[in-house]
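Participant: My questions all concern the structure below.
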């Protein structure tokens, strides 16, 4: 009996791992994030239990996983992106370990690299960026971000989620000394057929991105300028079922 | 005719994406990194051309991809990890675009999240880390790393490759004000059955990691302490062929 924490990937169902899909196809019970591609649930056996985590708080999810892990042979916790980067996966692991339930973590393709890539943006590029810094817009509220060190960091800054707070974050970065002319891009629903990208200067990106649907990811730094060189997504979303 | 830049994942062949494996199975020609799992090449049709990039410089790889892209129907450029994070993937894309050869980027699971995860280490964790900074040890030589801002950055610092240079990097971080008691871990060949992890304080990690085989990845920050809580890899390497 094992609970498998599986990264569903960034949006396109074809970007789940081979191991992750194998597990979904033999699952007795699946607890899924809303961000996971709905096509992936079609791969789960018809008689398996499928539970959305929508509306559940983290302690409830932890309890549910422990309970399912005690009852079923193969439980999959399907998480958007990668379980261990802004995924709270370790909290679920700790709950399972404390209850004596076996677990496994199956890493996934994170939006971190895949979503910018889909818009033509590499996080690193020779001569332009050799360093990446990653935060969430939510960090700004729950944790104390140090805007001085963020503004001073070389390379590429990636902000997960929170387009609504983007203007406020950008203002804080510029106030801390970040060049307002730094290239920036926001990619909404990257790797899916709903993908939308806007690009411009840092000091205009908040306005440009206003109203873009979630999930969205922001890239700030010299490589964000590559977004402007792409006229269509360079990763073509796979709309068929994974084979 | 399309050249597909495919991320092979962090080591375990089961961590390639479903889309990446599909492309390998229909490839007419494959140009592969040494870091890609050898089991993946078993999936390539027997009559396909298989070329190692070992010993080639980047401009030669670019020329080769353009040439293959003009001749074959399906060309796969199989890259370790993810093509757009320390993968020089955009350079290959630019060469193909300049030559008028169609291309596609298929993101992969980066060692960034998967290798720490395999050792039990989340990059972010509530109350411990809400920010991730990523560099390569090589950046220290080729680019000018700003150790003041690296030492001041909150959260988790991840260093790709370069265990040989780790002691030198750590010294520079501590000299710039990073707490020498910060937890640190080095994971060698993460997600494979050769995985080895060492963990300790920042000021002793260089010595602890001496001699660990490449590829290796270093994690510095509060979440690195999770490595000590794991007695065996929490991601079990899939040694069988992907199904």
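The values are calculated or read from the model by the stated rules, or taken from the named source; none is laboratory data. Because the structure is a prediction, the values reported are computed rather than measured. Cβ atoms come from the backbone with ideal geometry, glycine included; neighbour counts cover every protein chain shown.
Participant: Please note which strands (runs of 3 or more DSSP E) are completely contained in region A:1-97 and include at least 1 residues that are farther than 24 Å from residue B:105 by Cβ and in contact (Cβ under 8 Å) with a residue 40 or more places away in the chain. Spell out the reasoning first.
Facilitator: Working: elements: A:2-7, A:29-32, A:49-52, A:74-79.
Strands (runs of 3 or more DSSP E) meeting the threshold: A:2-7, A:29-32, A:74-79.
Participant: In region B:190-213, how many are in a loop (DSSP other than H, G, I, E, B) and surrounded by 16 or more Cβ atoms within 10 Å (Cβ to Cβ)? Before the answer, list the steps.
Facilitator: Of region B:190-213, the ones in a loop (DSSP other than H, G, I, E, B) are B:190-195, B:209-213.
Imposing the further condition that a residue be surrounded by 16 or more Cβ atoms within 10 Å (Cβ to Cβ) reduces the set to B:190-192, B:195, B:209, B:212.
Result for region B:190-213: 6.
Participant: While we're looking at this one, here's another question. Tell me which residues, restricted to region A:118-153, are farther than 21 Å from residue B:124 by Cβ, facing chain B (nearest Cβ under 7 Å) and crowded, with 21+ Cβ neighbours inside 10 Å.
Facilitator: Correct list: A:122, A:125, A:130.
Participant: Only one residue in A:174, A:187 is in a strand (DSSP E or B), surrounded by 16 or more Cβ atoms within 10 Å (Cβ to Cβ) and away from chain B (no Cβ under 11 Å), so which one is that? Step through it out loud before you land on a result.
Facilitator: On the way: A:174 fails: in a strand (DSSP E or B).
Result: A:187 is the single residue among A:174, A:187 that is in a strand (DSSP E or B), surrounded by 16 or more Cβ atoms within 10 Å (Cβ to Cβ) and away from chain B (no Cβ under 11 Å).
Participant: Here's another thing I want to ask about it. I need the full set of residues from region A:98-117 which are surrounded by 24 or more Cβ atoms within 10 Å (Cβ to Cβ) and without any contact (Cβ under 8 Å) to a residue 24 or more places away in the chain, in order please.
Facilitator: A:113
Participant: Does residue A:179 satisfy the condition of being modelled with pLDDT of 95 or more, farther than 25 Å from residue B:160 by Cα and assigned to a loop (DSSP other than H, G, I, E, B)? If you could, list the steps in order and put the result at the bottom.
Facilitator: Values: modelled with pLDDT of 95 or more: yes; farther than 25 Å from residue B:160 by Cα: yes; assigned to a loop (DSSP other than H, G, I, E, B): yes.
Yes, satisfied.
Participant: Restricting to region B:154-171, name every residue that is within 20 Å of residue B:10 (Cβ to Cβ), surrounded by fewer than 21 Cβ atoms within 10 Å (Cβ to Cβ) and away from every other protein chain (no Cβ under 14 Å). Talk me through it step by step, then tell me what you get.
Facilitator: Step one: filter region B:154-171 for residues within 20 Å of residue B:10 (Cβ to Cβ), giving B:156-163, B:166.
If we keep only those that are surrounded by fewer than 21 Cβ atoms within 10 Å (Cβ to Cβ) as well, we get B:161.
Those that are within 20 Å of residue B:10 (Cβ to Cβ), surrounded by fewer than 21 Cβ atoms within 10 Å (Cβ to Cβ) and away from every other protein chain (no Cβ under 14 Å): none in region B:154-171.
Participant: Of all residues in region B:96-113 being closer than 9 Å to residue B:10 by Cβ and touching a strand residue (DSSP E or B) at 6+ places or on another chain (Cβ under 7 Å), which is farthest from the other protein chains (Cβ to nearest Cβ)? Reasoning before the result, please.
Facilitator: So the first thing to find is which residues in region B:96-113 are closer than 9 Å to residue B:10 by Cβ, and the list is B:108-113.
Next cut, touching a strand residue (DSSP E or B) at 6+ places or on another chain (Cβ under 7 Å) only: B:108-112.
Numbers: B:108: 6, B:109: 5, B:110: 6, B:111: 9, B:112: 8 Å.
Within region B:96-113, the match that is farthest from the other protein chains (Cβ to nearest Cβ) is B:111.
Participant: Give the residue that is farthest from residue B:92 (Cα to Cα), with candidates limited to residues of region B:29-43 that are modelled with pLDDT under 95 and surrounded by 23 or more Cβ atoms within 10 Å (Cβ to Cβ).
Facilitator: Applying the filter and picking the extreme gives B:37.
Participant: Within region A:82-95, can you find the residues that are crowded, with 20+ Cβ neighbours inside 10 Å and more than 8 Å from chain B (Cβ to nearest Cβ)?
Facilitator: Pass one, region A:82-95, residues crowded, with 20+ Cβ neighbours inside 10 Å: A:82-87, A:89-90, A:92-93, A:95.
Those that are crowded, with 20+ Cβ neighbours inside 10 Å and more than 8 Å from chain B (Cβ to nearest Cβ): A:92, A:95.
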